[in-house]
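The values are calculated or read from the model by the stated rules, or taken from the named source; none is laboratory data. Values in this document were obtained by computation on a predicted structure and should not be read as measured data. Note that each Cβ is placed from the backbone with ideal geometry, even for glycine, and that neighbours are counted across all protein chains shown.
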Amino acid sequence: MKSEVILEIKDLHASIEGKEILKGVSININEGEKIAIMGPNGSGKSTLASIIMGHPAYKITKGSIHYKGENITEIPPEERARKGIFLSFQYPQEIPGVTTTNLLRQAIKSKGAEIKITDYKKILKECAKMLKLDESFLSRNINEGFSGGEKKRSEIFQMAVLKPSMAILDETDSGLDIDALKIVADGVNTLKKSMPSMTFIIITHYQRLLNYVVPDKVFILENGKIKHSGGPELAQKLEEKGYSWIQEEFYDEKNEEIIEGC
Ligand code: ADP
Ligand code: MG
């Protein structure tokens, strides 16, 4: 079966406050793939995630984003969410006065889907159980008083309930101890098993999550550009060698340019 491209990013340049962060990113992702985007801190990973979701603070100066064949470069984030794109934040915010149960019910309604309250409650319970979250958190305000690990599991819980077509997980593994990391990875793998067409973009600085959620492809972002791509072995190489080898190659490239220019 020929796989369909779900996300096509072409020569994307983007800036914030006049500073160029993305300097020509091109990536194609097929429906149902699990891909990892890795890279040193400050390379532009969260910027890329925010831009795919449509964060209005970033200015796209060149290039385009197509999702399921449609140009979504200019459409607002809520429409992208309705089309099935989901972003789990690196730094989840507290939302006083809004419970997890209410937020998700509104999110489901805004997609135009009708769901009976009894079915909804059943789904919430099942997902909470899968992610080993105490049910009491459902009636608490979003992220208020949650530990770092609970915030990350809550993000994955929201994803499990909403079942998006494409989920972007921005450093979901950071701040998790190994037990919590395994719970999150199990959650992702279980969801993927029940919905094989679901696409995952896993953004991570470290390789350890990728031991449990094995990606089909790995892309390495460095200084706003994709510098390498490959299979899961690329993540392994990073684990062994660190990011310095990419940066060394980058500086070699620069030196070559200087030499050529002489
Ligand atoms: P990563 O997620 O790979 O660590 P980010 O996308 O968060 O990288 O950041 C990339 C670069 O963009 C960094 O140099 C960061 O300081 C800068 N940046 C990100 N957001 C802003 C902002 N709101 N204002 C100014 N600079 C920003
Ligand atoms: Mg980041």
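The criterion of being within 15 Å of ligand 1 (Cβ to nearest atom) and either at pLDDT 95 or above or surrounded by fewer than 16 Cβ atoms within 10 Å (Cβ to Cβ) (or both) does not hold for V5.
For K116, state whether it is over 20 Å from the mean Cα position of the chain (by Cα) and away from ligand 1 (no atom under 16 Å from the Cβ). When the stated conditions are applied, K116 passes them. Pull up region 200-249, narrow it to residues that are of a type in the set (V, I, T) and outside any strand (DSSP E or B), then point me to the one that is nearest to ligand 2 (Cβ to nearest atom). Across region 200-249, the extreme among qualifying residues is T204.
Sub-9 Å Cβ pairs linking a first residue in region 12-25 that is over 15 Å from L221 (Cα atoms) and away from ligand 2 (no atom under 16 Å from the Cβ) to a second residue that is among the aliphatic types (A, V, I, L, M) and part of a strand (DSSP E or B), at least 6 apart or interchain, are S15/I21; S15/L22; S15/I60, ordered by first then second residue. Taking S197 as the residue in question, decide whether it is assigned to a loop (DSSP other than H, G, I, E, B) and either without any contact (Cβ under 8 Å) to a residue 24 or more places away in the chain or over 14 Å from K45 (Cβ atoms) (or both). Answer is yes for this residue. Of all residues in region 38-50, those that are farther than 14 Å from Q207 by Cβ have Cβ atoms under 6 Å from Cβ atoms of residues that are in a loop (DSSP other than H, G, I, E, B) and within 6 Å of ligand 1 (Cβ to nearest atom), 6 or more apart or on another chain, in K45/G39. Applying a threshold of 9 Å to beta carbon distances and a minimum spacing of six or more residues, or different chains, the list of pairs starting in region 100-116 at a residue that is in contact (Cβ under 8 Å) with a residue 24 or more places away in the chain and within 15 Å of K163 (Cα to Cα) and ending at one that is surrounded by 17 or more Cβ atoms within 10 Å (Cβ to Cβ) and not aliphatic (A, V, I, L, M) reads L103/Q158; L104/F157; L104/Q158; A107/Q158; K111/G84. Scanning region 79-102 for residues that are closer than 23 Å to V184 by Cβ and surrounded by 15 or more Cβ atoms within 10 Å (Cβ to Cβ) turns up A81, G84, I85, F86, L87, S88, F89, Q90, P92, T99, T100, T101. One residue stands out in region 8-64 among those that are more than 13 Å from ligand 1 (Cβ to nearest atom) and among the β-branched types (V, I, T): the one that is surrounded by the fewest Cβ atoms within 10 Å (Cβ to Cβ), namely T61.
Is it the case, given these coordinates, that K152 is within 16 Å of ligand 1 (Cβ to nearest atom) and either in a helix (DSSP H, G or I) or over 16 Å from the mean Cα position of the chain (by Cα) (or both)? In short, yes.
Here region 134-159 is the region considered, the condition is being among the aromatic types (F, W, Y) and under 22 Å from I108 (Cα atoms), and the residue that is surrounded by the most Cβ atoms within 10 Å (Cβ to Cβ) is F157.
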